[in-house]
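Visitor: A single structure is presented below for examination.
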Amino acid sequence: MGEDFSIPLGETYQSIQPFFDLTSDKVVILGEDGTIEFGNHAISQFLGLDQANLSDLDFKKWFPDWPEVQNDLLKTNGKSRIVHLKNPEINQHQSFRLSFSLHKDDQWLLTFSDPWSPLRNTKNIPELILNHVEDPIIYIDQDYRIRAFNNAANLFFIQIAQEPIVSGTSLLEYIQNQEDWEIFEFHIKIGFSGKKTFFNLNDTEVNKNKFSREYQVIPVRDLQEDILGVLILGKNLTKENPLNSLQKKHEDFFTKIFQSIYDPALLWKKTVDGEIILEHYNVAAEIMSNSLIKEKVGMDVHDFFKDHPEIVQRFIDCFETGINKRIETHYRLTTTSEEKWLLADYIKISDEYLLNITIDINDQKLTELALNEKQRQLSILFENLPGMAYRCKNDPEWTMEFISAGVEELTGYSHDDLINNRRISYANLIHPEDREKVYGVIKNSLNQKKNFEITYRIITNENQEKWVWEKGQGIFDEKGELIIIEGFISDVTEHIHTERAAEKAKRQAQALKQALEELSSQLELSQVLRRILVSLKTVLDFDSATLFLKEKDRFKVVAARGFENTSRLINKTFPATDLLLREIQTLKSPIILDDARNDPRFEKWEGAENVRGWMGVPLYRHDEFIGLMTIDNHKAAAYTQEDASLALSFANSAAIAIENARLFEQTQQMALTDTLTGIYNRRYFYELALKEFSRSKRYQDPLSIIMIDIDHFKNVNDRYGHLAGDQVLMQFVQRIQNELRAPDVLARFGGEEFIILLPETNLGDAVQVAERLREVTSQYPFLLVTAQTFITISLGVSCFKFTTISLDQLIDESDKAMYEAKQFGRNRVRSWQQK
């Protein structure tokens, strides 16, 4: 280009703005006072301002070192250097290389580039772009004077006029043919009128060179849409363009610039039959598309944007009107099918080519949309939030000077009640237990000039306790003196209760998990039944509880906890016609009684006199009702639906544990039981008893053993035969089992000796059990095939004590006690007493 391409800067920068915007370098033109007279897209992005608003920015806010840099540039004739620019939006400095500077008529053209990239040619980027366009480009003002031109134009006029172009001279001086000038003048006037025009000049011979040329005249406007001049673009239509031989000496600089565009860019070509096809893409577009863009080269724009006819129309409009556009758009990428927000530039390069640059603004746009949505939500929330904004004095009463309309809903007091403490001060609304805390937190924050947040309780006009959250700040004058306190108070009662309920639910869930793990670790039915209520206590609080299993048409108590005499409840049965128990079975869901005393369906058995809050929970397995749990509390309305759901979850798992234990019991039965009587054998009894002994020793729970021997059983065998003796043994076992609880363990110790393990039973209760067994044995005769006979038993009882060393010791003590019973006349109970 000519040496004076950018002179005067103020008159030409608007016409070449599209070329400045193609580069990622930051380009500005500064006035004498440092005002930005022009800035390209890259600098506006960095400064966070629209290009139209750059002139409002003081250089001190973004280039504070400009005066010093300006002096150095004048001294060093524009030498490249590292400078520091500041983004005024985030107050952050960034280093750039001032790679080009030009000073003319009190204006400065500056180009800032990556500080670590190699230094480029000192020519500015837009100038290089124009100089590597193969076709001539000339810019003339309204006096027909040439103000800017590129190398191709200069070479062209050397060919036709034998002299180079001089900036400021009239175009007329270079067009010697009057007829050609008249054609030029006619179309230039059309351009000055604001319209774009085309014309051809054919078969012109200069120095035996034959040319056929097409010209475009394009009006150039400023920001106010006033015509500044026109651009004249010439295109050689001859087969042999003499300019091509000169241009071929240079590398295809446009391709370099195209590939160096920072954002994804696509080059589109309009064919002779009007199709718009994808001609080329840059590296950024290849990266954005994961290299899939390669497959789209040659694709028609209608196919490329087949689901977006509005985008296709933008290409058509840009080709037809020549008006470059920047449009924000949202669509699914043709290549990767990813949905993105993009800022799309449509720049017409020529009648044949259009440049489409897409700037990825997806993150910024999503952030913007999220912020807008958040602002909308916050606005709606603030309008509907039960609470009040306030302004109050910094005094012990927190005297209110302003209160918003939400005060009455929040406190129950009117606006007039609280203003200037007319009826009550806000300090007196604060819960007495929280006043000192509130005062301390606010005072401490004010002393540090910090905002404060605090959650506390208030007492409303209806004497209702509410939890509130307050956020506020002190307002200080220029001297740092506190003027007033402003803030907002909202009702968070429901939130606090929800939070506490969530914490309770979390604790219960953890307890439930632990309880179920303990249950699932048990396979023996007696242990499972006994542990169910023990584990339930860790999940749900109760004063007493009972576990029933269904046996035919009755409900049998198999475990109980919390009653004064638990052992008396075990094996107690209730008819299936019991109203509450039957209703639980029918509904298949828990039943809650707020006060059992007032419910006629509730049947009070021994130990249930104090029950008020009550809940019954069914146990179902494979849709079969197998039993239920009753949970008692001495407080009315002790249980909620949430508690019922928790209890039902526990019951479902308990039902599984019971089923598993029953299956395990069945599979173990043959190896663990006595063949004749069906009760446990001695070996398995010892295994069970050892586990119970370890548990009792660990938790110091009571544990008793009863040893039984049938008196003179040999006489039965000798008189009636061994088959009759077996019948007596089986009937005897049946009588004993009927008197025992589910957790109790009866086993055949050998011959006519039997042993019973009584978990959680002290010595006194064990002796009572032994007496009952003695009575039911001797009271009724045993029926044989042809006769009947009476038998008696001798029983020895021992109980676990802290001095008990082993299970063998406990068994031995019961055995010795039994022999004492025999020595004292048989048919009696003796308990072991330490000699």
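The values are calculated or read from the model by the stated rules, or taken from the named source; none is laboratory data. What you are looking at is a predicted structure, and each value in this text was computed from that prediction instead of being measured. Here the Cβ positions follow ideal geometry from the backbone for every residue, glycine too, while neighbour counts run over all protein chains shown. Heavy atoms of the whole protein, side chains included, go into the accessibility calculation; ligands, DNA and RNA do not. Shrake-Rupley method; radii C 1.70, N 1.55, O 1.52, S 1.80 Å.
Visitor: Hey, what's the chain come to in accessible area per residue, 1.4 Å probe, Å²?
Guide: 51 Å²
Visitor: For segment 41-55, what does the Karplus curve 6.51 cos²θ - 1.76 cosθ + 1.60, with θ = phi - 60°, yield as ³J(HN,Hα) per residue in whole Hz, taken in order and with x for Gly and Pro?
Guide: 4, 5, 6, 5, 5, 4, 7, x, 10, 5, 4, 5, 9, 5, 5
Visitor: Okay, moving on. Roughly how many percent of the accessible protein surface of the chain is carbon and sulfur, given a 1.4 Å probe and a whole-percent answer?
Guide: 48 percent
Visitor: For a 27 Å ceiling on Cα separation, which of these pairs sit above it: K296/K340; K26/K325; K104/K325?
Guide: K104/K325
Visitor: Also, I was wondering about something else. For a label point 7 Å from the Cα of S778 along Cα→C-beta, name the residues of segment 698-727 whose backbone N is under 18 Å from it.
Guide: Label zone hits: 707-716.
Visitor: 7 Å from Cα along Cα→Cβ at both F790 and F186: what's the point-to-point distance in nm?
Guide: Result for the modelled spin labels: 14.9 nm.
Visitor: Determine the calculated [θ] at 222 nm for the chain from helices alone, applying -39500 (n - 2.57) to every DSSP H run no shorter than 4 residues and normalising by the residue count; nearest 500 deg cm²/dmol.
Guide: My calculation for the chain gives -11500 deg cm²/dmol from helical runs alone.
Visitor: With a point put 7 Å past each Cα toward its Cβ, work out how far T336 is from Q514 in nm, to one decimal.
Guide: 5.0 nm
Visitor: Set the Förster distance to 25 Å, then compute FRET efficiency between D50 and E286 from the Cβ-Cβ distance, nearest 0.05.
Guide: That pair, D50 with E286, gives E of 0.25.
Visitor: Same structure, new question: Any idea which of W268, P396, I158 is furthest toward the positive side of the dipole for the chain, if Lys and Arg beta-carbons carry +1 and Asp and Glu beta-carbons -1?
Guide: Most positive-ward Cα: P396.
Visitor: A follow-up question, please. At a Förster radius of 51 Å, what calculated FRET efficiency corresponds to the Cβ-Cβ distance of R719 and A505, to the nearest 0.05?
Guide: Efficiency computed from Cβ-Cβ geometry: 0.15.
Visitor: Right, another one. Name the residue from W62, Y144, V769 whose Cα lies farthest towards the positive end of the charge dipole of the chain, charges +1 on Cβ of Lys and Arg and -1 on Cβ of Asp and Glu.
Guide: Final value for the positive-end residue is V769.
Visitor: Using +1 at the C-beta of Lys and Arg and -1 at the C-beta of Asp and Glu, which of A657, S289, Y780 has the Cα lying farthest in the positive direction of the dipole of the chain?
Guide: Looking along the dipole axis, the top candidate is Y780.
Visitor: Order these peptides, 324-334, 261-271, by their mean beta-carbon neighbour count within 10 angstrom, highest first.
Guide: Descending packing order for the listed peptides: 261-271, 324-334.
Visitor: Work out from phi, with θ = phi - 60° and the Karplus expression 6.51 cos²θ - 1.76 cosθ + 1.60, the ³J(HN,Hα) of each residue of segment 90-102, listed in order in whole Hz, and give x for Gly and Pro.
Guide: Those phi angles translate into 10, 6, 10, 8, 9, 8, 9, 9, 7, 7, 8, 8, 9 Hz.
Visitor: Could you derive backbone 3J(HN,Hα) for segment 332-338 from the dihedral phi with the Karplus parameters 6.51, -1.76 and 1.60 (θ = phi - 60°), listing whole Hz in sequence and x where the residue is Gly or Pro?
Guide: These are the phi-based 3J(HN,Hα) values: 8, 4, 5, 7, 9, 6, 7 Hz.
Visitor: Using the C-alpha atoms of the chain, what convex hull volume per residue, in cubic angstrom, is computed?
Guide: Normalising the Cα hull of the chain by residue number yields 325 Å³.
Visitor: Test of understanding: what is the full-extension gain from D599 to Q176, defined as 0.36 nm times their sequence separation minus their Cα-Cα distance?
Guide: Extending this stretch completely gives an extra 140.3 nm.
Visitor: Please state the charge dipole magnitude for segment 650-691, taken about the Cα centre, from unit charges on C-beta atoms (+1 on K and R, -1 on D and E), reported in debye and rounded to the nearest 20.
Guide: Taking the Cα centre of segment 650-691 as origin, the dipole is about 120 debye.
Visitor: Here is a follow-up. Taking the Cα centre as origin and putting +1 on Lys and Arg beta-carbons and -1 on Asp and Glu beta-carbons, what dipole magnitude results for the chain, to the nearest 20 debye?
Guide: Using Cβ point charges on Lys, Arg, Asp and Glu, the chain gives about 4620 debye.
Visitor: Give the relative contact order (percent, whole number) for segment 681-814; include only Cα pairs under 8 Å separated by 6+ residues.
Guide: 36 percent
Visitor: Let's test the formula: R0 of 35 Å, r as the Cβ-Cβ distance of E583 and K365. What FRET efficiency results, to the nearest 0.05?
Guide: Efficiency at R0 = 35 Å is approximately 0.05.
Visitor: Which entries of K195/K270; K86/K348; K365/K449 have Cα-Cα distances beyond 31 Å here?
Guide: Too far apart for the 31 Å limit: K86/K348; K365/K449.
Visitor: By a straight-distance test (C-alpha under 29 Å), which lysines pair with K513 as possible cross-link partners, with residues fewer than eight away in the same chain excluded?
Guide: K504, K537, K550, K556, K588, K635, K691, K697
Visitor: If you don't mind, another one. For the chain, what does the relative contact order come out to in percent, with C-alpha contacts under 8 Å and a separation of six or more?
Guide: Normalised by residue count, the contact order of the chain is 5 percent.
Visitor: Okay, moving on. What nm distance separates the two modelled labels at I227 and D541, each placed 7 Å from Cα along Cα→Cβ?
Guide: Distance between the two pseudo-spin positions: 9.2 nm.
Visitor: Take each complete run of DSSP H in the chain, measure how far its Cα atoms stretch along the helix's own axis, and keep only those covering 20 Å or more with mean Kyte-Doolittle hydropathy at least -0.5; list them.
Guide: 178-192, 525-539, 641-672, 722-738, 763-779
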